[in-house]
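Peer 1: Dropping a structure here in structure tokens format, bear with me for questions.
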Amino acid sequence: MAVHGSVCIIGSGPTGLYAAEEIRRQAPLVTVDVIDRLPTPYGLVRGGVAPDHQKTKSVVRQFEPLFTSHGVRFVGNVRVGEDVDLTELRRLYDAVVLAVGAAGDRRLNVPGEDLPGVYGSAAFVGWYNGHPDWARLAPRIPGPRVAVIGNGNVALDVARILALTPGEMAVTDLARPAAEAIAASPLTDIYLLGRRGPLEAQFTSAELREMGELSGARPVVQAADLPADVPAAIDPRDARRVKRNLDILRGFADATAAAAADDPRVRVHFLFRHAPRAILGNVVEGVTGLLAERTPTALSGAGGARPSGQTTTSLAVGTVVTCIGYRATPFPGLPLDDERGVIANVDGVVEPGLFVAGWARHGPRGVIGANRASAREAAEQALAYLRTVDTPRPGGSELERLLQARGFRVVDFAGWQQIDAAERAAGDGTRPRDKFIRIDDMLAVVEQAAAITEAGTVEATPEGTGTRTESLGPVPSG
Ligand code: NAP
């Protein structure tokens, strides 16, 4: 029997949109609204994926038809917990799926972590990607040395972005203030610290290889840090990637040995088996250094990165960026599983009718497509729940009325398309876009477009009042 009803998805990143796609595919009669607190959709694709990875960002083309032809509504600029409560949404929709990601930073838990000049990757990546939450971060990057902590892809992203030349930046959608700040920073050395060795690094090979393809920077790797081969003990699911990474790192080590002493490029030092122990400095000067302790060489689990007692490397750095993983931030009205850094759930179920998917469910792991599995599961859970609902709830039309009554300015997908067009136009044909980094500026574009439309409408219908009521867009007829 065909399923009817309404689902509200909170979060318009890849997980939320994979879930929307799945619901539309399995149950075309179910209405789907995707709420986002920003006027812009796509979550980490816009605010997390590195600005020089435009090919990765093109995944949004796969999602656009959801809004333009498959009847899913984008309900942007709506903050759940402030503009509307989760309890209200639960009264309006038959099921709710949380796809809110993991927007917080894990703590390093070493002395000096809160000094000015220390940034978590959520903040730092958000800043260079123009996320409105971090538009005012203005990180201290006095140069000439920066430490980036972590051996995952985010650490590679951060180190690479800091090492881009103005020419390389010019073809990215790096937020303009970030591009200017990085270009103005006299960096010579970036230290990439892993608390374990090259075998345990989480890098994917394509991202690691890129570090050797930068025009203004070169990787520095010591051959002595690299094992001769991949040991048999390694997880077979990882063996190919690790072997490829070792080959790439060997190439870097060869190039390091052959590099001229006066090579002017920024050096990106891979410091394996260096566990951070303290960040040095004071509140006035900010960060002045980092102390790291060597850890044992044997292949070990993350907890095995214990200090060897062998001290210490001291690095004179003016900035530290920790890229050691994300955690979910508290969601109003819901308990957090503090240990796992996720919204408390049992196999994706928070409560009957309330589901969670993606990084908010299982923690921050995997590339974009890896979130499809838990998104599909949440979609199936929501649809199974809908089958048990006797009296369908009003859905999005009632939300529209509620938000209008409260005077909130909702941005629908057409509104986002206007913001998108304005950003692309500001890119001047070379940059993919020049991002708005303030919500007010985004809303001004939507307002302006509405005013133009309204003027046209008023002219065409002289009896009209010209008063605009912002619509969430058509309710899908499906
Ligand atoms: P990640 O891959 O889990 O890497 C986190 C790193 O932080 C690990 O090297 C970890 O070391 C280290 N770490 C954790 N706690 C630490 C501590 N207390 N001290 C020192 N080091 C510590 O996480 P991520 O880099 O944030 O990436 C998150 C996910 O997004 C990953 O699945 C990643 O592949 C994906 N991503 C993909 C791309 C891409 O495809 N281009 C780009 C960005 C992100 P241990 O291993 O020892 O715990």
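The values are calculated or read from the model by the stated rules, or taken from the named source; none is laboratory data. Only a predicted model underlies this, so the values are computations on that prediction, with no experimental measurement involved. Don't worry about glycine lacking a Cβ; one is built from the backbone with ideal geometry, like all the others, and counts go over all protein chains shown.
Peer 1: Taking only segment 58-97 into account, find how many residues are assigned to a loop (DSSP other than H, G, I, E, B), surrounded by fewer than 23 Cβ atoms within 10 Å (Cβ to Cβ) and of a type in the set (A, V, I, L, M).
Peer 2: 1
Peer 1: Is it true that Leu156 is surrounded by fewer than 24 Cβ atoms within 10 Å (Cβ to Cβ) and either farther than 18 Å from Leu192 by Cα or out of contact with any His (no Cβ under 8 Å at 6 or more places or on another chain) (or both)?
Peer 2: For Leu156, the condition - surrounded by fewer than 24 Cβ atoms within 10 Å (Cβ to Cβ) and either farther than 18 Å from Leu192 by Cα or out of contact with any His (no Cβ under 8 Å at 6 or more places or on another chain) (or both) - is not met.
Peer 1: Based on what the data block shows, is Pro364 within 16 Å of the ligand (Cβ to nearest atom), in the same structural domain as Gln448 (by TED's automatic domain parsing) and part of a loop (DSSP other than H, G, I, E, B)?
Peer 2: Taking the combined requirement at face value, the residue satisfies it.
Peer 1: Let me ask something else about it. For Ser397, are the conditions met, namely being in contact (Cβ under 8 Å) with a residue 60 or more places away in the chain and surrounded by 15 or more Cβ atoms within 10 Å (Cβ to Cβ)?
Peer 2: no
Peer 1: Next question, about the same structure. Checking Gly120 against (1) within 13 Å of the ligand (Cβ to nearest atom); (2) in the same structural domain as Pro14 (by TED's automatic domain parsing); (3) in contact with a Ser or Thr (Cβ under 6 Å, 6 or more places away or on another chain): exactly one of these is not met. Which one?
Peer 2: So the condition that Gly120 fails would be (2).
Peer 1: Separate question: If you take the residues of segment 216-236 that are surrounded by fewer than 16 Cβ atoms within 10 Å (Cβ to Cβ) and acidic (Asp, Glu), which of them is farthest from the ligand (Cβ to nearest atom)?
Peer 2: Here the residue is Asp229.
Peer 1: Does segment 183-200 hold any residues that are farther than 21 Å from Ala259 by Cα and either among the hydroxyl-bearing types (Ser, Thr, Tyr) or under 20 Å from the mean Cα position of the chain (by Cα) (or both), and which are they?
Peer 2: Ser185
Peer 1: Here is a follow-up. Looking only at segment 174-215, which residues are surrounded by 20 or more Cβ atoms within 10 Å (Cβ to Cβ), part of a strand (DSSP E or B) and away from the ligand (no atom under 12 Å from the Cβ)?
Peer 2: Of everything in segment 174-215, those that are surrounded by 20 or more Cβ atoms within 10 Å (Cβ to Cβ), part of a strand (DSSP E or B) and away from the ligand (no atom under 12 Å from the Cβ) turn out to be Ile190, Tyr191.
Peer 1: Among the candidates Asn371, Asn345, single out the residue that is under 26 Å from Val30 (Cβ atoms) and touching a Ser or Thr at 6+ places or on another chain (Cβ under 7 Å).
Peer 2: That would be Asn371, the only listed residue that is under 26 Å from Val30 (Cβ atoms) and touching a Ser or Thr at 6+ places or on another chain (Cβ under 7 Å).
Peer 1: Just one of Ala370, Ala328 is within 14 Å of the ligand (Cβ to nearest atom), among the hydrophobic types (A, V, I, L, M, F, W, C) and free of Cβ contacts under 8 Å to residues at least 40 places away in the same chain; which is it?
Peer 2: Ala370
Peer 1: Read through the list (1) of a type in the set (A, V, I, L, M, F, W, C); (2) crowded, with 19+ Cβ neighbours inside 10 Å; (3) farther than 23 Å from Gly353 by Cα, then give the number of the only condition that Val110 fails.
Peer 2: Going through the list (1) of a type in the set (A, V, I, L, M, F, W, C); (2) crowded, with 19+ Cβ neighbours inside 10 Å; (3) farther than 23 Å from Gly353 by Cα, Val110 breaks only (2).
Peer 1: Please determine whether any residue of segment 442-463 is surrounded by fewer than 12 Cβ atoms within 10 Å (Cβ to Cβ) and either within 30 Å of Pro28 (Cβ to Cβ) or modelled with pLDDT of 95 or more (or both).
Peer 2: no
Peer 1: If I go through segment 403-441 residue by residue, how many of them are within 30 Å of Asp85 (Cβ to Cβ), among the hydrophobic types (A, V, I, L, M, F, W, C) and surrounded by 15 or more Cβ atoms within 10 Å (Cβ to Cβ)?
Peer 2: Result for segment 403-441: 11.
Peer 1: Of the residues Gly71, Gly16, which is of a type in the set (Gly, Ala, Ser) and either within 14 Å of the ligand (Cβ to nearest atom) or at pLDDT 95 or above (or both)?
Peer 2: Gly16
Peer 1: State which residue is modelled with the highest pLDDT when the search covers only segment 269-324 and only residues that are farther than 18 Å from Glu113 by Cβ and of a type in the set (D, E, K, R).
Peer 2: Across segment 269-324, the extreme among qualifying residues is Arg273.
Peer 1: Could you please find all residues in segment 401-451 being of a type outside the set (Val, Ile, Thr), in contact (Cβ under 8 Å) with a residue 40 or more places away in the chain and assigned to a loop (DSSP other than H, G, I, E, B)?
Peer 2: Result: Arg406, Phe408, Arg409, Asp412, Gly427, Arg431, Pro432, Arg433, Asp434, Lys435, Phe436, Arg438.
Peer 1: Continuing with this model, one more query. Filtering segment 135-152 down to residues that are under 18 Å from the mean Cα position of the chain (by Cα) and within 16 Å of the ligand (Cβ to nearest atom), which residue is surrounded by the fewest Cβ atoms within 10 Å (Cβ to Cβ)?
Peer 2: For segment 135-152, the residue satisfying everything is Gly152.
Peer 1: Does segment 67-81 hold any residues that are under 13 Å from Glu21 (Cα atoms), touching a strand residue (DSSP E or B) at 6+ places or on another chain (Cβ under 8 Å) and not aromatic (Phe, Trp, Tyr), and which are they?
Peer 2: Gly71, Val72, Arg73
Peer 1: Could you tell me whether Asp254 is free of Cβ contacts under 8 Å to residues at least 12 places away in the same chain, in the same structural domain as Met169 (by TED's automatic domain parsing) and more than 16 Å from the ligand (Cβ to nearest atom)?
Peer 2: No, not satisfied.
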